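Report on one structure; see the data block that follows.
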Amino acid sequence: MPTDETATPAPGPAGRRRDTRMPRADAQRNRDKLVGAARAAFTAADGAVPLEVIAREAGVGIGTLYRHFPTRDALVEAVYAAELDDVTGCVPELLRRYPPDAALRAWMERYAAFVATKQAMAQTLRASWASGRISTPATRERITAAVATILAHGVQAGTLRADAHPVDITTMLVGALMATSTNETSGQTGRLLDLILDALRPR
């Protein structure tokens, strides 16, 4: 039986095997575990995290890690993409669970976690930004679109200002989070997020 993470290729018309391999469920699970372990490790560590540590935390061998992510950059880019998908994709669920203003405050906390993870990976991400493999403008557009969705619901509900611009809100958030990124021990980030939300309430 095959022991790798893909299905065995099917025989071709002349007895040759056609490469129709598709990722098996266990391969996807291993990939997800590696990304999850890397997210936790990159955020918690002060310096570079050995890939062997990430593999061990994910419960897989280092060979499995390299099959999915041949380089550290590839793993970092996958973590970044997963974090961005989470922070932009959680908006509908937050709006189902909370009133728009409370959803915005909860989303700002989630965005703060995304920024913290990104900063923890910044040294490795710089090469990806420089090469264009990760587009900073595209990231900002997706974040601003998430803000705009919550803001529109808040305007309709009368709990958020109609004259607020999503781009301005994103800029305020980035400024607040960058200002507190190196010394967040006093709860200042939370206070700044509360002030931003208060500024967005109707006068």
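The values are calculated or read from the model by the stated rules, or taken from the named source; none is laboratory data. The structure presented is a predicted model; accordingly, all values stated were derived computationally and were not measured. Please note: Cβ atoms are built from the backbone with ideal geometry, for glycine as well, and neighbour counts cover all protein chains shown.
With respect to Thr144, determine if the residue is touching a residue at least 12 places away in the same chain (Cβ under 8 Å), out of contact with any Leu (no Cβ under 8 Å at 6 or more places or on another chain), of a type outside the set (Phe, Trp, Tyr) and not in a helix (DSSP H, G or I).
no
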Legend entry - Restricting the range 53-65 to residues that are in a helix (DSSP H, G or I) and not β-branched (Val, Ile, Thr), the residue that is surrounded by the fewest Cβ atoms within 10 Å (Cβ to Cβ): Gly63
Inset, instruction - Report whether or not Arg39 is modelled with pLDDT under 95, under 30 Å from Thr170 (Cα atoms), surrounded by fewer than 19 Cβ atoms within 10 Å (Cβ to Cβ) and of a type outside the set (A, V, I, L, M). - result: no
Legend entry - Lone qualifier among Tyr98, Tyr111 - being crowded, with 19+ Cβ neighbours inside 10 Å, of a type in the set (Ser, Thr, Tyr) and assigned by TED's automatic domain parsing to the domain that holds Ala199: Tyr111
Legend entry - So Ala130, is it surrounded by 12 or more Cβ atoms within 10 Å (Cβ to Cβ) and either at pLDDT below 90 or over 16 Å from Pro92 (Cα atoms) (or both): no
Inset, instruction - Restrict the check to the range 136-155 and report whether at least one residue is surrounded by 17 or more Cβ atoms within 10 Å (Cβ to Cβ), out of contact with any strand residue (DSSP E or B) (no Cβ under 7 Å at 6 or more places or on another chain) and closer than 22 Å to Ala38 by Cβ. - result: yes
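Scan the range 129-141 for residues that are assigned to a helix (DSSP H, G or I) and within 15 Å of the chain's Cα centre (by Cα) and jot them down. Explain how you work it out, then say what you get.
Start the filter on the range 129-141 by keeping residues that are assigned to a helix (DSSP H, G or I), which leaves 129-131, 136-141.
Across the range 129-141, the qualifying residues are Thr136, Ala138, Thr139, Arg140, Glu141.
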Legend entry - Failed criterion for Ile62 (all others in (1) in contact with an Asp or Glu (Cβ under 9 Å, 6 or more places away or on another chain); (2) touching a residue at least 12 places away in the same chain (Cβ under 8 Å); (3) over 28 Å from Thr189 (Cβ atoms) hold): (2)
Inset, instruction - Answer yes or no: is there a residue in the range 114-121 that is surrounded by fewer than 16 Cβ atoms within 10 Å (Cβ to Cβ) and assigned by TED's automatic domain parsing to the domain that holds Pro202. - result: no
Inset, instruction - Output the number of residues of the range 147-194 satisfying the condition of being under 20 Å from Phe114 (Cβ atoms) and assigned to a helix (DSSP H, G or I). - result: 26
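Among the residues in the range 181-192, are any within 16 Å of Leu94 (Cβ to Cβ) and either in contact (Cβ under 8 Å) with a residue 24 or more places away in the chain or not assigned by TED's automatic domain parsing to the domain that holds Glu109 (or both)? If you could, list the steps in order and put the result at the bottom.
Of the range 181-192, the ones within 16 Å of Leu94 (Cβ to Cβ) are none.
No, there is no match, as no residue in the range 181-192 is within 16 Å of Leu94 (Cβ to Cβ) and either in contact (Cβ under 8 Å) with a residue 24 or more places away in the chain or not assigned by TED's automatic domain parsing to the domain that holds Glu109 (or both).
Answer with yes or no whether Val35 is part of a helix (DSSP H, G or I) and touching a Lys or Arg at 6+ places or on another chain (Cβ under 6 Å).
Numbers: part of a helix (DSSP H, G or I): yes; touching a Lys or Arg at 6+ places or on another chain (Cβ under 6 Å): no.
Against the criterion (part of a helix (DSSP H, G or I) and touching a Lys or Arg at 6+ places or on another chain (Cβ under 6 Å)), Val35 does not qualify.
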Legend entry - Count of the range 38-69 residues which are under 21 Å from Gln119 (Cα atoms) and of a type in the set (Phe, Trp, Tyr): 2
Inset, instruction - Consider only pairs whose beta carbons are under 7 Å apart and that are at least six residues apart or on different chains; among these, list those whose first residue lies in the range 66-80 and is outside any helix (DSSP H, G or I) and whose second residue is surrounded by fewer than 15 Cβ atoms within 10 Å (Cβ to Cβ). - result: none
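In the range 94-126, how many are part of a helix (DSSP H, G or I), more than 22 Å from Ala37 (Cβ to Cβ) and not basic (Lys, Arg)?
In the first step, residues of the range 94-126 are kept if they are part of a helix (DSSP H, G or I); the result is 94-97, 100-120, 122-126.
Subsequent filtering for residues that are more than 22 Å from Ala37 (Cβ to Cβ) retains 94-97, 100-109, 111, 126.
In the following step, the residues that additionally are not basic (Lys, Arg) were identified as 94-95, 100-104, 106-109, 111.
The number of residues fulfilling the criteria is 12.
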